[in-house]
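Bear in mind that the values in this text are calculations on the coordinates, not laboratory data. From a predicted model like this one, the values you see are computed outputs, not experimental measurements. Cβ atoms come from the backbone with ideal geometry, glycine included; neighbour counts cover every protein chain shown.
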Amino acid sequence: MTRDIDTSATSNGSAETVFRTRGLTKVYGGNGTAEVRALDGVDLDLPEGELVVLLGPSGSGKSTLLNIIGGLDHATSGQAWFRDRELTKMTDRQLTRYRRDHVGFVFQFYNLVASLTARENVALVTDVAADPMDPDEALDLVGLSGRMDHFPAQLSGGEQQRVAIARAIAKRPGVLLCDEPTGALDSKTGTAVLAALEQVNARFGTTTLVITHNAGIRKMAHRVIRFHDGRVAEIEQNAHRVSASEIEW
Ligand SMILES: Nc1ncnc2c1ncn2[C@@H]1O[C@H](COP(=O)(O)OP(=O)(O)OP(=O)(O)O)[C@@H](O)[C@H]1O
């Protein structure tokens, strides 16, 4: 691995920078309750098209960052941009639109509709998106072409998570934000989920951020960001990436 010394070098609003933050801070509590600085002045520049792994101890601010740049939460102070648009100036309505048009989310728990098949779960999104993929294409991409008519209860955890990934990518988002996507999975099923993320990133250039506690996953990333106490402690770029199929934990 080579150390990336200056990640702030990308120029402001550059087309190559997908997310930029300056002094991004999130404080919970206060007014009599203990204050928690979940994010404490984060400066980041993330280039378009990378697969980025976010590591760090529990409570170090990873999810808080993802939620703010995903338009799910507001910062207390500082700024965050998606390409040339400042997220930290947006109203709730603008953030909803931003999420709908640009962001795919994958969480630890798959949140599939139990009464709908895999194909129908994906179609829930493609029915309302501007330029969606065909649900079958999205499911094929994550290796589930043989499972399209299965209900969630008929699928393994890893397969359900791949349906969730298909649902997230079917609207062709610019960014895919994943919060512990393999957190509930064993190594074998988790590997198939990582392979699906790798495939989406490579095929469409979708900038993909993955929060994980499995440090082995860092090997598949272009860039690894370590958080500590609400700050970026270290950023590394992988000179030699390892494919998802070779990762074990
Ligand atoms: N809604 C909230 N109210 C109060 N404190 C919060 C809230 N959400 C998060 N926090 C606190 O902010 C800090 C950062 O939390 P965050 O979830 O971003 O960490 P994390 O690195 O994602 O942790 P984990 O790996 O356990 O998911 C923690 O101390 C957490 O307790």
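Annotations
- Among residues of segment 66-79 that are farther than 24 Å from P181 by Cα and among the hydrophobic types (A, V, I, L, M, F, W, C), none has a beta-carbon under 6 Å from a residue that is in a loop (DSSP other than H, G, I, E, B) and within 12 Å of the ligand (Cβ to nearest atom) at least six positions away or on a different chain.
- Pairs linking a residue in segment 206-235 that is within 22 Å of V175 (Cβ to Cβ) and aromatic (F, W, Y) to a residue that is within 15 Å of the ligand (Cβ to nearest atom) and assigned to a strand (DSSP E or B), with Cβ atoms under 7 Å and 6 or more positions apart or on different chains, are F227/L54; F227/A233.
- If the condition is being more than 8 Å from the ligand (Cβ to nearest atom), of a type in the set (A, V, I, L, M), under 19 Å from the mean Cα position of the chain (by Cα) and not in a strand (DSSP E or B), then segment 11-69 contributes I68, I69.
- Odd one out for A114 among (1) in a loop (DSSP other than H, G, I, E, B); (2) more than 17 Å from the chain's Cα centre (by Cα); (3) buried (at least 17 other Cβ atoms within 10 Å of the Cβ): (3)
- Exactly one residue out of A164, A170, A215 is more than 30 Å from A38 (Cα to Cα) and within 17 Å of the chain's Cα centre (by Cα): that is A170.
- Residues of segment 182-215 satisfying the condition of being under 10 Å from W249 (Cβ atoms) and either touching a Leu at 6+ places or on another chain (Cβ under 6 Å) or within 13 Å of the ligand (Cβ to nearest atom) (or both): T212, H213, N214, A215
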